[in-house]
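What follows is a short report on a single structure.
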Amino acid sequence: MDLYEYQGKQLFKQFGIPVSEGRLATTPEQARTAAEELGGPVVVKAQVLTGGRGKAGGVKLADDPGDAEQKAQDIIGLDIRGHVVGKLWIETASDIAKEYYLSVTFDRGAKQPLFMFTTQGGVEIEEVAANDPDALVRLHVDPLEGYQPWIARRLVYGAGVDDPAEQKQIADIVGKLYRCFVESDAMLAEINPLIVTPDGEVKALDSKFTVDDSALYRHSDIAEFRDTSAADPLEAFAREKGVTYVKLDGDVGILGNGAGLSMSTVDVVVVAGGRPANFCDLGGGGSAEGVVDALEVITRDPQVKSIFFNIFGGITRCDEVARGILEALERLQLETPIVVRLDGTNAEEGRRILAEAAPPNLHVEPTMLDAARKAVELAR
Ligand code: GDP
Ligand code: MN
């Protein structure tokens, strides 16, 4: 789960990482009030779950409350990489002398958290990594050893920060960010930019924070951050139905039993020259109920032109799944063509059941690749 900047900053604040004071606003009037309360110049920031807001015109300085209202007017409704701005974060403007970058994330290859720090902040970190890799200090943390003060010193000296007061503040933030990362079960905690003000004060001006979905059950406060209005409505509907569903941007709807098979199904559709519209895992069962729920979710996506139903029967028997499919078709009255591939336990019986019923929009194919080709062809 990705957090908005203001939510990430709320966590930063809880862990003692310095941030500017701010207020949330959803209308220009609220932005004006926020600026009045904060006093002095403010920065009006679009709250969307994507980066590059600055470049897209989603971050603007305002001198006074009237100006804040005007800037809010400009930013609300803006489309930033497909995210329409509905919420703003208004915070006390900072003077910036330097922009650094600090993050901690998981290095899955190394199976360890990885710190990255550079004095070339503000820009996207991929740019620094590509153009000036030596400027980016990377350091793993042994999770068994835990955080040690030398880690911060290595980062700070490695990046060439030579002001002692700065070194001390950054080292302090590194330690706090690590605690925040671990204790929140985060996958990513990024501060870009981490600024130094002309007075030498170091603080987090931005926040990018991702929490492991599987750990949300033990962070009810973070789970409450979830903004259902920003979530894809289809994914929200799927969650309601208890269907494992991820929306993709193609036109072949995919339904498999088991995560591994469903992922292979996504792959084989691409191999057959098509584009998957989603990933959908029916799980172990194949009951009519489960099939109806999954098909309901998939067909709510108007981009879906055909559906590839890929089942490998193990404990779930193919004849049961076949009956589930027929019952689902009766209940849903779908017009979208469905291609079914059944294999494994009782596959022949399952195919026979489908062949006998022969609903007009149902196509049964013998292999996964044949079925993928057929589904791709039908989507065209
Ligand atoms: P992003 O573009 O989505 O990463 O949004 P950021 O929060 O990082 O803001 C983009 C840029 O706006 C920053 O790199 C800063 O240069 C600038 N900015 C943000 N807040 C302030 C502020 O308080 N004062 C000044 N002077 N610039 C700011
Ligand atoms: Mn940023």
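Data for the structure
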read-out: Under the Debye formula (equal points on every Cα, no solvent term), log10 I(q)/I(0) of region 21-92 at q = 0.14, 0.17, 0.22 Å⁻¹; value: -0.33, -0.48, -0.79
read-out: All Cα pairs of the chain, percent lying beyond 39 Å; value: 35
read-out: Entries of LYS60/LYS203; LYS9/LYS60; LYS87/LYS247 with Cα pairs more than 21 Å apart; value: LYS87/LYS247
read-out: Dipole moment magnitude, nearest 20 debye, the chain about Cα centre, only Lys, Arg, Asp, Glu C-beta charged; value: 520
read-out: Average accessible surface area per residue within the chain, 1.4 Å rolling probe, Å²; value: 47
read-out: Theoretical gain in end-to-end length, ARG153 to LEU369 [0.36 nm per residue, Cα-Cα removed]; value: 72.3 nm
read-out: Alpha carbon centroid spacing (whole Å) that separates region 338-380 from region 289-333; value: 11
read-out: Gained length - THR336 relative to ARG300, 0.36 nm times residue gap less alpha-carbon distance; value: 11.9 nm
read-out: Estimated FRET transfer efficiency (ASP232, VAL270; beta-carbon r; R0 25 Å; 0.05); value: 0.75
read-out: Percent of alpha-carbon pairs separated by more than 26 Å within region 115-253; value: 40
read-out: Whether region 196-291 is rounded, prolate or oblate, judged on the alpha carbon gyration tensor where a/c under 1.5 counts as rounded; value: prolate
read-out: Column: log10 I(q)/I(0), Debye, Cα scatterers of region 240-342, q = 0.11, 0.14, 0.19, 0.24 Å⁻¹; value: -0.27, -0.44, -0.85, -1.40
read-out: Shape category assigned to region 85-189 from the gyration tensor of Cα positions, a/c cut at 1.5; value: rounded
read-out: Counting all C-alpha pairs of region 290-375, share separated by more than 20 Å (%); value: 26
read-out: Cα centroid separation, region 18-54 to region 137-193 (Å); value: 28
read-out: Within the accessible area of the chain (1.4 Å probe), percent carbon and sulfur; value: 49
read-out: ASP162 accessible area, 1.4 Å probe, all protein chains in place, Å² to nearest 10; value: 130
read-out: Heavy atoms of LYS305 accessible to a 1.4 Å probe, total area in Å² rounded to 10; value: 100
read-out: Förster-model FRET efficiency, 35 Å R0, GLU356 and ASP213, C-beta, rounded to 0.05; value: 0.25
read-out: Gyration tensor (alpha-carbon) shape descriptor, region 79-126, a/c threshold 1.5; value: oblate
read-out: Within the chain, helix-based [θ] at 222 nm, where runs of 4 or more DSSP H residues each add -39,500 (n - 2.57), nearest 500; value: -11500 deg cm²/dmol
read-out: Solvent accessible area, Å² - GLU21, 1.4 Å probe, full protein context; value: 100
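The values are calculated or read from the model by the stated rules, or taken from the named source; none is laboratory data. For clarity, every value in this text was computed on a predicted model and none was experimentally measured. Here the Cβ is made from the backbone with ideal geometry for all residues, glycine too, and neighbour counts use every protein chain on show. With ligands, DNA and RNA removed, areas are computed over all heavy atoms of the protein, side chains included. Shrake-Rupley method; radii C 1.70, N 1.55, O 1.52, S 1.80 Å.
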